[in-house]
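Worksheet for the structure shown next.
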Amino acid sequence: MPHEVDARGLSCPQPVLMTLQAIQSAGNDDICIRVDNSTSFENVSRAATGKGWLIANVEQNDGEYRVMIHKGFA
Amino acid sequence: MKHNWFSSTAGVATVGGVIGVLAVLLQHWGNPPNMGICVACFERDIAGGLGLHRAALVQYLRPEIMGFVLGAFLAAFLFKEFRPRGGSSPLVRYVLGVVAMIGALVFLGCPWRVMLRLAGGDGNAIFGFLGLLAGVWIGTLFFKNGYTLGKTSEQHAASGWILPLVMIGLLALRLIFQPIEGQAQSGILWYSLKGPGAAHAPLYISLVISLVVGFLAQRSRFCTMGALRDVILFRQMHLFSGLIALLAAALIMNLLLGSFKPGFIGQPVAHTQELWNFAGMVVAGLAFALAGGCPGRQLFLSGEGDSDAGLFALGMITGAAISHNFGLASSPDGIGPHGMAAVFIGLLISMAIGFGHLKRS
């Protein structure tokens, strides 16, 4: 089961803070991040890739985003 | 997934540069010196234009504020990002808006004007910038410790339209009650005959430029407070690149137009009391951080349908009225008679809001 971050309804910087906390605690597990606006989607994607994680999948439905990230291996 | 180039680092830096150029051009075409764009000052002028305060030098229904909201509204609508939402501690956000304005008017400018004052050579703005940095830093400590104003929820479409409609209404008033040469009142509106309120670019230039800025800022998520916050909190330079581009572009424009005048004494619409320039912006910076956006960003979010951000903007207009009516606002002569008390009370309120919204683990 991937870790899940539900940041819907929250505005920056909280979705990014929650994503970074999840990255710290997830180890090698995937993380599923849920946000409900494009700014938060952009912000969490930037934060995750900045930490070396990869965007595995993005589902967009009715303004909501489910962003699946997994750890990149250098 | 459609890629939004404006929200890339190159995009936000470009937008920052464009804003810097346009701000200095607005000064060149009539806006007050080092005040091509100042969200706090312009909302203060709107409060004066409506007669909510009666400081004779700062009364004008600035079309830039209307253009910012409406430009963002247009962008959000065109790119399907208009999303009526609200309900995340609205009253707290309103109070933070009041406090932010009170702090900003002790310094005499919002974060946008901090950068424009620096770009114009105003050394006093260094203390304002340091204060802003300190205020935002305190805000990040709250966020690190679980500060949250709670989740927003989807609202009826009508609530997202409220602030854009208020802005259309204000614009209509500005068009109906045009300034009359030598008269301080035109219909229900007040105008300044001298001082910063009397200095303004022609209406249509201000409006077109601010619509462009509102549009670009909504697309790029440009935020002057966020720029500092993200550097402190995440060591991330993304938004900061926009802020630096604004400063660099405005500086180059000032050098080209001969309006770069380095020094501390006699700077336009500025005072030299370092401590209070610093402290005013600590209060404002903390309030902006706790509310999640600089005053410009709050307007752009309002244009996207965020009614909490709209309430913050209305709080700032209220704060301007309180500042001038109660002698809290500074002038080029120095801080107001109750400016010191305002800073302490503003800091106290912001800290209480910060501590009062830490999530219990």
Could the peptides B:215-228, B:142-155, B:41-54 be put in order, highest first, of the mean number of other beta-carbon atoms found within 10 Å of their residues?
B:215-228, B:41-54, B:142-155
Counting partner chain Cβ atoms within 10 Å of every residue's Cβ in A:33-42, what's the average?
4
Could you give each residue of segment B:113-120 its phi-based ³J(HN,Hα) in whole Hz, using Karplus coefficients 6.51, -1.76, 1.60 with θ = phi - 60°, and x for Gly or Pro?
6, 3, 5, 5, 5, 4, 5, x
What is the gain in length, in nm to one decimal, between B:Q183 and B:A10 on full extension, counting 0.36 nm per residue of separation less the C-alpha to C-alpha distance?
57.6 nm
Expressed to two decimals, segment A:3-62 has a Cα Rg over Rh, using the Kirkwood radius, of 0.92
Taking 0.36 nm per residue of separation and subtracting the Cα-Cα distance, what length does fully extending B:F326 through B:I126 add?
69.3 nm
Tell me, what is the FRET efficiency for B:H28 and B:A134 to the nearest 0.05, using R0 = 41 angstrom and their Cβ-Cβ distance as r?
0.80
Distance in nm between A:N28 and B:L275 label points, each 7 Å along Cα→Cβ, equals 5.9
So for chain B, considering every pair of alpha-carbon atoms, how many percent are separated by more than 30 Å?
29
Give the average, rounded to an integer, of partner chain Cβ atoms located within 10 angstrom of each Cβ in B:291-301.
1
Extension gain, A:H3 back to A:N61 (0.36 nm per residue minus Cα-Cα distance, nm)
18.9 nm
Within the protein assembly as shown, percent of DSSP bridges classed antiparallel, to nearest 5:
75
In the P(r) worked out for the protein assembly as shown, what percent of Cα pairs fall beyond 27 Å?
48
So what is the relative contact order of segment B:212-361, in percent, for Cα pairs below 8 Å that sit 6 or more residues apart?
24
Quick one: accessible area per residue over segment A:3-62, 1.4 Å probe, rounded to a whole number of Å²?
44
From the helices alone, meaning DSSP H stretches of at least four residues, give me the mean residue ellipticity at 222 nm for the protein assembly as shown, per-run term -39500 (n - 2.57), in deg cm²/dmol to the nearest 500.
-19500 deg cm²/dmol
Return the average number of partner chain Cβ atoms within 10 angstrom of each residue Cβ along peptide A:5-11.
5
Whole number please: convex hull volume per residue, Cα atoms of segment B:135-251, in Å³.
185
Could you work out the relative contact order of segment B:1-147, using alpha carbon pairs under 8 angstrom and six or more residues apart, expressed as a whole percent?
22
May I ask you to list the aspartates and glutamates whose Cα is less than 14 Å away from that of A:K51, ignoring any residue fewer than eight positions away on the same chain?
A:D30
Starting from the Cα of B:K80, draw a straight line to each of the lysines and keep only those under 23 Å, dropping any in the same chain fewer than 8 residues away.
B:K2, B:K151
Angle, helix A:14-26 long axis vs. longest principal axis of chain A, Cα atoms, 0 to 90°, nearest 10?
20
Long-range share for segment B:241-282, i.e. C-alpha pairs more than 14 Å apart as a percent of all pairs, stands at 64
For B:K194, list the lysines whose Cα falls under 27 Å from its own Cα; do not include residues on the same chain fewer than 8 positions away.
B:K261
Candidates B:L70, B:L163, B:L189, ranked by Gaussian network fluctuation over chain B, Cα under 10 Å, top entry:
B:L189
Mind telling me which of B:V283, B:V58, B:V69 comes out most flexible in a GNM of chain B, alpha-carbon contacts under 10 Å?
B:V58
Spacing of the two label points (7 Å from each Cα toward its C-beta) at B:A352 and B:A172, in nm
3.9
For segment B:52-64, in order, what is each residue's ³J(HN,Hα) by Karplus, 6.51 cos²θ - 1.76 cosθ + 1.60 with θ = phi - 60°, in whole Hz (x at glycine and Pro)?
6, 10, 10, 6, 4, 8, 10, 10, 6, 6, 5, x, 4
Defining a contact as two alpha carbons under 8 Å apart and six or more residues distant in sequence, what relative contact order in percent does chain B show?
37
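The values are calculated or read from the model by the stated rules, or taken from the named source; none is laboratory data. Remember, predicted model here, so these are calculated numbers, not experimental data. Here Cβ is always computed from backbone atoms with ideal geometry, including for glycine, and neighbour counts include all displayed protein chains. Heads up: the accessible areas ignore ligands, DNA and RNA and are worked out on the full protein's heavy atoms, side chains in. Shrake-Rupley method; radii C 1.70, N 1.55, O 1.52, S 1.80 Å.
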